[in-house]
1. Mind checking Rg over Rh on the stretch 171-323, alpha carbons, Kirkwood formula for Rh?
2. Between the alpha-carbon centers of the stretch 164-242 and the stretch 21-40, tell me the distance in whole angstrom.
3. Using Cβ counts within 10 Å as a stand-in for footprinting exposure, how do 206, 56 rank, fewest first?
4. If you split all Cα-Cα distances of the stretch 130-255 into 10 Å bins from zero, what percentages do you get per bin, shortest first?
5. Counting Lys +1, Arg +1, Asp -1, Glu -1, what net charge surrounds residue 229 among other residues with beta carbon under 12 Å of its beta carbon?
6. Each residue of the stretch 91-96 in order: what ³J(HN,Hα) in whole Hz does its phi give by Karplus 6.51 cos²θ - 1.76 cosθ + 1.60, θ = phi - 60°, with x for Gly and Pro?
7. Given the DSSP H assignment, sum -39500 (n - 2.57) over each helix run of at least 4 residues in the chain and divide by its residue total; what's the result at 222 nm in deg cm²/dmol, nearest 500?
8. If N is the number of residues in the stretch 252-323, what value comes out of its Cα radius of gyration divided by 2.2 N^0.38 Å?
Amino acid sequence: MRTANAFWFTDTGGELRRVEVPAPGADEVLVRTLYSGVSRGTETLVFAGKVPADQHDVMRAPFQEGDFPFPVKYGYLNVGVVEEGPADLRGRAVFCLYPHQTAYVVPRSAVVPLPDGLPPRRAVLAGTVETAVNALWDAAPLIGDRVTVIGAGMVGCSVAALLARLPGAEVELVDVDPARAAVAAALGVPFRAPEEAAGGRDLVIHASANERGLQRALELLRPEGTAIELSWYGDRPVTLALGGTFHSGRLTIRSSQVGTVSPARSSSRTYADRLALALRLLRDPAFDALITGSSPFEQLPAVLPRLADGSLPALCHLITYAL
């Protein structure tokens, strides 16, 4: 038995706790963490204790400890190196849906080796790009579609980056923060303020977690267009004006979330297939634009409150671990 340090969300904010790490058994691996990423949208809601009671089971992370609201060990963007385990994995950099912790033991099936050409620091985005992959399986955009993504956060930017590679597609990334224009440029996508966004869109993907963004999504659609809702609002109610063209235009709002494989691919793709695809897509260096800051693991209890209140603006904030 050895020890490691883990970050726990508590009712007073968060703290580092010493935890015991067992020796790996058969078909298990011991991973030493290199990087983890703060999934800002979800983790700041967890930090604020805003996971709805009826979603406590649904929102559990794969290796979560504790129960919502507090105390809970939560997170799912972790890249490390296998130090003990099967010979074919020892020394390999791997991605795992594990919380912020310096070292841990999991079944070998829970880790995915990074493909050649993917830097470990960029690989922390795998869970987010996996969400984007699932969203596009749900949305099913076609060649030449006019598509708008509203919300230039981690998920919205990941969706826009993938759409930018769809042949003939006219893609716009919309956000209220003009500073996100630089990220859009790095991804190869035109940036627009909400009032400047083009209308007549075949598809709008909404990821701003703000009801005004979802309302704008409906306003931008052509008749019989579809809005895909990726935002998670926690316990906040959402109000929409569904008069006007919502009924006459036969508009559609559909939800998408990563907890299940999209019905469009569930008969032919597994969770592992989806994650492996996300890692392959991340070999594109354009995704580096989504990593907008970093902090040592020891500073995480002070960093997360600043991410939650917006005083530390970020897309993906990288947590670094001692080598």
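What follows is calculated from the coordinates using simple rules that are stated; it is not laboratory data. Here the structure is a predicted model, which means the values were calculated and not measured. Virtual Cβ from ideal backbone geometry, glycine too; neighbours counted across all protein chains shown.
1. 1.00
2. With the stretch 164-242 and the stretch 21-40 each reduced to a Cα centre, they are spaced 36 Å.
3. 56, 206
4. P(r) for the stretch 130-255, in whole percents per bin: 14, 50, 32, 4.
5. -1
6. Ordered by residue, 3J(HN,Hα) equals x, 7, 7, 9, 9, 8 Hz.
7. -6500 deg cm²/dmol
8. The value comes to 1.50.
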